Amino acid sequence: MGTTRTLEEALKFAQLECETALTEFLGADVEFHPVEWIECQADELLSVVGQFVGVEEVYRAIVVGVYGDLQGYLVMFFRIKDAEELTTYMLDGESDPEVQESVLAEIGNLTTARLLMGFSKAIQTNGEAMPTPPQTQVDFSGSLLQSLSALFLSQGQMKVFHSVWKLKVQLPKGLINGTAHFFLPV
Amino acid sequence: MALRERMVNLGEVVVTDDPEVVLTVPGIGSCIVVCVFHSRTRLAGMAHIVLPSSQGRKEASTKPFWFADIAVPYLIENMRNKGAIRPNCAIVGGANVLNFLL
């Protein structure tokens with residue numbers, strides 16, 4: 001894996017890919033605002049990510065793992081009301097929870113796939129990176145982040161590159177905000 | 001009485017007899033939190049554990065309380081040294097949060 005500068009370059013490619021894909025999928029204007037990569041200790045995820053999400057608040061989260069040449073995790077957080085508005089808009093009022101979940105899962109799929117495409121353009125890799133199926137859940141963000149910390153630590157990964165994207169989706173009813181966090185063990 | 005929150009972070013063990021302190025953890029997930037309270041001495045303690053065993057882990061020297069096999073004996077011993085023998089105990093956590101990654 002290259003330097004932070006290379007990662008930032010990869011992030012710029014990925015940002016464009018993600019904006020295009022989600023705008024097409026959602027049929028609404030989508031903006032990603034990437035923040036620089038930050039290197040942090042794996043046991044500090046709560047305080048680092050806590051600058052962007054309330055660690056004692058319940059969120060709708062989408063989690064996707066990445067394996068292969070690039071290993072990491074994408075975690076997207078939406079407030080529950082925002083996630084509901086997003087799925088309601090997408091499904092034109094359809095309220096089946098499973099269908100709503102699949103919409104969110106697809107957002108995770110698309111974002112991860114385009115993130116990896118963006119990275120492959122910036123970083124020359126010989127093999128490939130594979131995403132896991134997306135997992136969606138409703139939980140305290142702190143619970144998920146502490147679990148992710150524990151996962152890294154159990155694998156002996158003490159340091160992590162973290163990048164956060166602020167996600168804005170312009171729906172007819174108003175603006176939906178979310179955050180997407182990409183964790184890349186060093 | 002004004003209560004104050006004291007957050008117990010990953011790999012931290014806290015014991016207190018301050019009646020104004022509330023020990024908290026913001027989301028536990030797959031971690032284990034051991035909470036102890038001794039009614040006579042009014043001592044309370046909490047250990048926020050990340051991993052089960054320190055065996056073969058070099059981090060055990062710098063982050064000993066990440067590990068259950070170090071943190072729990074330390075917590076119990078710390079309580080005992082302050083006169084709190086056989087405290088009440090509650091254990092929470094251990095959720096399979098990231099089940100697809102395991």
### Message
Please determine whether any residue of the range B:54-73 is β-branched (Val, Ile, Thr) and without any contact (Cβ under 8 Å) to a residue 12 or more places away in the chain.
### Response
yes
### Query
Limited to the range A:132-149, what total is found for residues that are within 23 Å of A:Cys40 (Cα to Cα) and touching a strand residue (DSSP E or B) at 6+ places or on another chain (Cβ under 7 Å)?
4
### Task
Scan (1) open to solvent by less than 40 Å² (accessible area, probe 1.4 Å); (2) touching a helix residue (DSSP H, G or I) at 6+ places or on another chain (Cβ under 7 Å) for the single condition A:Val58 breaks and write down its number.
(1)
### Message
Exactly one of these conditions fails for A:Gly156: (1) within 19 Å of B:Asn9 (Cβ to Cβ); (2) assigned to a loop (DSSP other than H, G, I, E, B). Give me its number.
### Response
(1)
### Task
Please verify whether the range B:55-66 includes one or more residues that are aliphatic (A, V, I, L, M), within 14 Å of chain A (Cβ to nearest Cβ) and in contact with a Ser or Thr (Cβ under 9 Å, 6 or more places away or on another chain).
yes
### Query
Are there any pairs with C-beta distances below 9 angstrom linking a residue in the range B:3-27 that is away from chain A (no Cβ under 14 Å) and in contact (Cβ under 8 Å) with a residue 40 or more places away in the chain to a residue that is open to solvent by 60 Å² or more (accessible area, probe 1.4 Å) and in a loop (DSSP other than H, G, I, E, B), with the two at least 6 apart or on different chains, and if so which?
B:Val15/B:Lys82; B:Asp17/B:Arg42; B:Asp17/B:Lys82
### Message
Quick check on A:Thr136: is it buried (at least 18 other Cβ atoms within 10 Å of the Cβ), in a helix (DSSP H, G or I) and within 14 Å of another protein chain (Cβ to nearest Cβ)?
### Response
no
### Task
Considering every residue within the range A:30-43, establish whether at least one is over 16 Å from the mean Cα position of the chain (by Cα), buried (at least 20 other Cβ atoms within 10 Å of the Cβ) and in contact (Cβ under 8 Å) with a residue 40 or more places away in the chain.
yes
### Query
Residues in the range B:76-85 that are buried (at least 16 other Cβ atoms within 10 Å of the Cβ) and in a loop (DSSP other than H, G, I, E, B): how many?
1
### Summary
Considering residues that are closer than 29 Å to A:Gly174 by Cα and outside any helix (DSSP H, G or I), the number found within the range A:88-133 is 5
### Query
Is it true that some residue in the range A:154-174 is in contact with a Pro (Cβ under 7 Å, 6 or more places away or on another chain), within 14 Å of chain B (Cβ to nearest Cβ) and open to solvent by less than 30 Å² (accessible area, probe 1.4 Å)?
yes
### Task
Determine whether A:Gly142 is within 14 Å of another protein chain (Cβ to nearest Cβ) and either assigned to a strand (DSSP E or B) or of a type in the set (Gly, Ala, Ser) (or both).
yes
### Task
With respect to A:Phe140, determine if the residue is touching an Asp or Glu at 6+ places or on another chain (Cβ under 7 Å) and more than 24 Å from A:Val30 (Cβ to Cβ).
yes
#### Entry: Residue pairs meeting the criteria (Cβ under 7 Å; at least 6 apart or on separate chains; first in contact (Cβ under 8 Å) with a residue 60 or more places away in the chain, in the range A:99-110; second open to solvent by less than 30 Å² (accessible area, probe 1.4 Å) and in a helix (DSSP H, G or I))
A:Ile107/A:Leu22; A:Leu110/A:Ala21; A:Leu110/A:Leu22
### Query
Of the conditions (1) open to solvent by 60 Å² or more (accessible area, probe 1.4 Å); (2) more than 14 Å from chain B (Cβ to nearest Cβ); (3) among the hydroxyl-bearing types (Ser, Thr, Tyr), A:Tyr67 fails just one. Which one is it?
(2)
#### Entry: Matching strands (runs of 3 or more DSSP E) fully within the range B:1-75 where at least 3 residues are surrounded by 18 or more Cβ atoms within 10 Å (Cβ to Cβ) and among the polar types (S, T, N, Q)
none
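The values are calculated or read from the model by the stated rules, or taken from the named source; none is laboratory data. Note that the structure is a prediction, hence the values are computed from the model and not measured. So basically every Cβ, Gly included, is an ideal-geometry build from the backbone, and we count neighbours across all protein chains shown. Calculation scope for accessible area: heavy atoms of the full protein, side chains included, ligands and nucleic acids excluded. Shrake-Rupley method; radii C 1.70, N 1.55, O 1.52, S 1.80 Å.
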